[in-house]
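Below is one structure; the comments refer to it alone.
The values are calculated or read from the model by the stated rules, or taken from the named source; none is laboratory data. Small disclaimer: the values here were computed from a predicted structure and weren't measured. Cβ coordinates were reconstructed from backbone atoms using ideal geometry, including for glycine residues, and neighbour counts include every protein chain displayed. All accessible areas refer to the heavy atoms of the entire protein, side chains included, with ligands and DNA or RNA removed. Shrake-Rupley method; radii C 1.70, N 1.55, O 1.52, S 1.80 Å.
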Amino acid sequence: MSLTFIPLIEQLSSRVIRILGCNACSMTLQGTNTYLVGQGKRRILIDASGGPNIGEYVDLLAGELKKRDCSLQEILISHWHWDHTEGVQPIFKAITMKPIQVSKHMLVEDPEHDLVTKYEYVNDGHVFKTEGATLRAIFTPGHSKDHLAFYLEEENALFSGDCILGETTAEFEDLHDYMGSLERILKIEPDTIYPGHGPVVKDGTERIRHYIQHRNKRNEQIVEALRASQEARDV
C-alpha cells in the first residue's frame with residue numbers, strides 16, 4: 001500500500017500544528033503524529049513520539065517552539081504505547097529542562113510501562129484549556145485499555161489517537177470495548193479527525209461510520225465461516 005506523504009512539520013489550522021515522529025515503520029505507518037495545540041505563548045502537546053530517532057524528533061519540536069516563540073504548557077498522552085510516550089523524558093531533558101504535567105488515563109488492572117514519568121491520571125470528560133483551545137478527554141478503550149481521544153471544541157475536531165487512523169484500519173485489544181468507543185465518538189459527529197498516524201481526515205463522521213461498518217462486516221464473515229465449518233463437520 002502506498003502511503004500519503006506527510007511533511008515533518010505542518011500547520012493544519014490556526015490552532016493545530018502537526019509534528020511527525022521520526023519513527024516510520026510497519027507499525028507506525030509514516031510515523032507517529034504529535035500535535036501542538038493552542039494559539040498563545042504556551043501550547044499543549046498531544047503525544048510524545050518515541051523510537052530510535054528520538055533526538056531528531058525532539059529537535060523538530062524544539063525548533064518549532066522557538067520559531068513560534070512559545071513553550072510547552074503540558075503533555076497529553078492518548079495511550080501507553082511506546083511510540084506515543086517515549087518522547088516524554090527526552091522532552092523534559094532537552095526542552096522544558098524540568099518535568100511538566102503529563103496527563104493520561106490510568107491503565108486499568110495493569111502497571112504503567114513507563115516507570116519514570118509521574119503521570120497525572122485523568123478520567124472521561126476532563127477539560128484542558130490553553131489560549132485558543134479547549135480539549136475534552138474522551139475515554140475510548142479498545143485499542144488499549146487506557147486509550148483517550150481529545151475533542152477540540154473550537155473546531156469540532158477529534159484527536160483520535162490510534163482509535164481512528166488516517167489510512168488503513170486500527171488494531172485493537174478488545175473488540176467489544178473498541179466498538180463501543182467507535183459508537184461513542186460517532187455521537188460527537190466531528191468534522192475533522194487528527195489521527196495518531198496518517199493524514200488528517202476531513203470527513204470525520206463518515207470515517208467513523210466506515211470503521212463501524214467495516215468491523216461489522218468482518219464480524220459477519222467470521223460468524224459465517226464458523227457456521228460453514230460447523231455444517232461441514234455435521235455432514
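Below, the figures for the structure above:
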item	result
Simple Cβ-charge dipole of the chain, Lys/Arg +1 and Asp/Glu -1, about Cα centre, in debye nearest 20	680 debye
Accessible area per residue in Å² at 1.4 Å probe, computed on segment 1-103	43 Å²
Amide H contacts under 5 Å for N23, placed H, 5+ residues apart	T32
Fraction of the pair-distance distribution of the chain above 28 Å, Cα-Cα pairs, percent	29 percent
Crossing angle, helix 54-68 versus the chain [Cα axis fit, 0-90 degrees, rounded to tens]	60 degrees
Mean projected area (nm²) of the alpha-carbon convex hull when segment 1-65 is viewed from all directions	4.5 nm²
Added length on full extension, which subtracts the Cα-Cα distance from 0.36 nm per residue, W82 to Q39	12.7 nm
Relative contact order %, the chain, counting alpha carbon pairs below 8 Å whose residues are six or more apart	14 percent
Crossing angle, helix 175-188 versus the chain [Cα axis fit, 0-90 degrees, rounded to tens]	60 degrees
Helix 204-234 axis, angle to the chain major axis (alpha carbon atoms, nearest 10°)	30 degrees
Listed peptides 24-30, 86-92 by packing density, highest first (mean Cβ within 10 Å)	86-92, 24-30
Residues of segment 1-37 with amide N under 14 Å of the 7 Å Cα→Cβ point at Q213	none
Carbon and sulfur %, accessible surface of segment 1-129 computed with the full protein complex present, 1.4 Å	55 percent
